[in-house]
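First up is the structure itself, then whatever we jot down about it.
The values are calculated or read from the model by the stated rules, or taken from the named source; none is laboratory data. Since we're looking at a predicted model, the values are computed, not measured. Cβ coordinates were reconstructed from backbone atoms using ideal geometry, including for glycine residues, and neighbour counts include every protein chain displayed. Heads up: the accessible areas ignore ligands, DNA and RNA and are worked out on the full protein's heavy atoms, side chains in. Shrake-Rupley method; radii C 1.70, N 1.55, O 1.52, S 1.80 Å.
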Amino acid sequence: MFTSIRWKFIVVYFLLVFIAMVIVGVFIVQRFEAQQLENRTNTMVKQIESIISTSSYVSEDNWAEVSEEIQDTLNEWRFDGTETLYVIYYEDIPKIIASSYSNHNKIKGQNALVYKFLDPTLILSVYNDGERSEGIKKDANENTVFKHLAYPVLNEVGQIKGVLYITSDLQDVYKTLDDSKKLLTSATMLALVTTVLLGFLIASSITEPIRDVTKKAEKMAKGDFEQFVEVKSD
């Protein structure tokens, strides 16, 4: 069946549409994911900058002396359930001195480099380069993906006073991404079914005259010269 001209036409149409839809789908999904992550990053940066600009205690040079006041500021700040902010101050080691985590007293004073919900490479990168660092990391159970952002706070001479480290749950982002993939898959299937149907009609319009001529040529070859080929166009 697939050796006939009609089905060769249909297969070619099918493959062309399939390849085009896959390329477009991959491009759209990747671009959409990048845009969603960029929007989330911008939101996290704005939150940190708002805390820096509105909290007088963050502007202090020695955060260890005002850690309780910084903690009070975080308690008053409105964080949704998907975000957690950690305040890291370097004494002998980078320590967590305040957090928006519900049980913040439990993690206060812990070494930020070994705390399981933080990425030590981002913290070290901030202290070494003096610039913000970001990444994506799965939680300890590898069930949820989080966006991590380490943001340096500088004093008047450009030295790092401490780091504000924020994490954001990306579950909603990837759920939206999965819904988009399902929608694109459905659109691709619909396009392929439509392609097969249209390809069948188009191929038939091309191959039917050829089959008609072939049959009449066979009859003429057998001696029947009373054949007439209908011409439907110029």
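Residues being free of Cβ contacts under 8 Å to residues at least 24 places away in the same chain and not basic (Lys, Arg): count how many of those fall in the range 17-41.
11
Looking at (1) open to solvent by 90 Å² or more (accessible area, probe 1.4 Å); (2) under 20 Å from LEU192 (Cα atoms); (3) of a type outside the set (Gly, Ala, Ser); (4) modelled with pLDDT of 85 or more, which is the only condition VAL22 fails?
(1)
Of the residues THR194, THR185, only one is β-branched (Val, Ile, Thr), modelled with pLDDT of 85 or more and farther than 19 Å from VAL11 by Cα; which?
Numbers: THR194 fails: farther than 19 Å from VAL11 by Cα.
Exactly one residue qualifies, and that residue is THR185.
Is there any pair with a first residue in the range 92-116 that is under 21 Å from VAL58 (Cβ atoms) and open to solvent by less than 80 Å² (accessible area, probe 1.4 Å) and a second that is part of a loop (DSSP other than H, G, I, E, B) and modelled with pLDDT under 85 whose Cβ atoms are under 7 Å apart and which are 6 or more apart or on different chains, and what are they?
Hits for this filter: SER100/TRP77; SER100/PHE79; ILE107/TYR101.
For the list (1) open to solvent by less than 70 Å² (accessible area, probe 1.4 Å); (2) in a helix (DSSP H, G or I); (3) touching a residue at least 24 places away in the same chain (Cβ under 8 Å), I need the number of the one condition that ALA217 fails.
For ALA217, the exception is condition (3).
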